[in-house]
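Let me begin by presenting the structure, written as structure tokens, before commenting on it.
The values are calculated or read from the model by the stated rules, or taken from the named source; none is laboratory data. Keep in mind the model is a prediction, meaning the values are calculated, not measured. When we count neighbours, we look across all protein chains shown, and the Cβ atoms used for this are built from the backbone with ideal geometry, even at glycine.
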Amino acid sequence: MNSIFLEMIGADPEQGAIIRQAEINKDFDIVVYGPNDRTLNPDRDLNGASRRALTLAFILALTKVSEVEAPNVIDTPLGMMSGYVKRSVLKTAVRESSQLVLFLTRSEIADCEEILDQEAGQIITLTNPAHFPRMLVNDPRVNERTVLRCDCNHRQECQLCQRRLDADIDVELAS
């Protein structure tokens with residue numbers, strides 16, 4: 001878990017990183033250490049991205065030591081992350097998983113498109129029609145509660161999934 005976590009957040013203890021180590025103690029608590037082996041409180045001393053990376057590192061390490069090959073299905077794993085940490089968490093999760101299924105929002109996908117292009121075996125866009133008219137531009141004309149599959153990918157949007165906030169993200173409209 002320690003090496004996965006440190007890789008995700010880009011912390012190198014040899015280079016004076018604030019976060020030096022993460023481990024599971026005999027009481028099965030996750031303990032994080034800073035400089036001079038000072039115990040850090042993850043709720044107070046780690047930012048949201050580091051806390052999420054710590055959780056994902058724990059899940060990936062647990063999957064690895066279980067020696068059971070099963071899909072890792074993770075909903076919004078890159079929320080509260082940006083930049084280096086977001087891309088590093090995605091790359092590490094891909095590498096450490098035998099099969100990875102991610103449910104990502106458009107904001108999580110932003111700046112990770114190239115990684116998804118290289119690593120994803122399949123990309124499917126799902127849309128919740130209940131988001132019309134507040135978030136969806138077009139009425140999907142569905143009365144029952146359901147989730148719809150779109151024909152676009154992570155770099156596009158179609159008439160079905162076009163969202164009001166997508167103008168801020170620079171998404172290509174599929175024809």
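Quick look at the numbers
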item	result
Residue ranges of helices (runs of 4 or more DSSP H) in the range 36-141 with at least 3 members surrounded by fewer than 19 Cβ atoms within 10 Å (Cβ to Cβ) and either among the polar types (S, T, N, Q) or more than 16 Å from the chain's Cα centre (by Cα) (or both)	42-45, 48-66
Failed item in (1) closer than 22 Å to Val94 by Cβ; (2) at pLDDT below 90; (3) surrounded by fewer than 14 Cβ atoms within 10 Å (Cβ to Cβ), with Gln15 passing the rest	(1)
Residue count, the range 17-59 (criterion: of a type in the set (Val, Ile, Thr) and under 19 Å from Lys86 (Cα atoms))	4
Test for Val73: is it within 22 Å of His154 (Cα to Cα), touching a strand residue (DSSP E or B) at 6+ places or on another chain (Cβ under 6 Å) and among the hydrophobic types (A, V, I, L, M, F, W, C)	yes
Index of the failed condition, Glu14 passing every other in (1) within 22 Å of Lys86 (Cβ to Cβ); (2) assigned to a helix (DSSP H, G or I); (3) not aromatic (Phe, Trp, Tyr)	(1)
So Phe103, is it in contact with a Pro (Cβ under 9 Å, 6 or more places away or on another chain) and more than 21 Å from Glu7 (Cβ to Cβ)	yes
Total residues in the range 36-70, condition out of contact with any strand residue (DSSP E or B) (no Cβ under 7 Å at 6 or more places or on another chain) and among the hydroxyl-bearing types (Ser, Thr, Tyr)	3
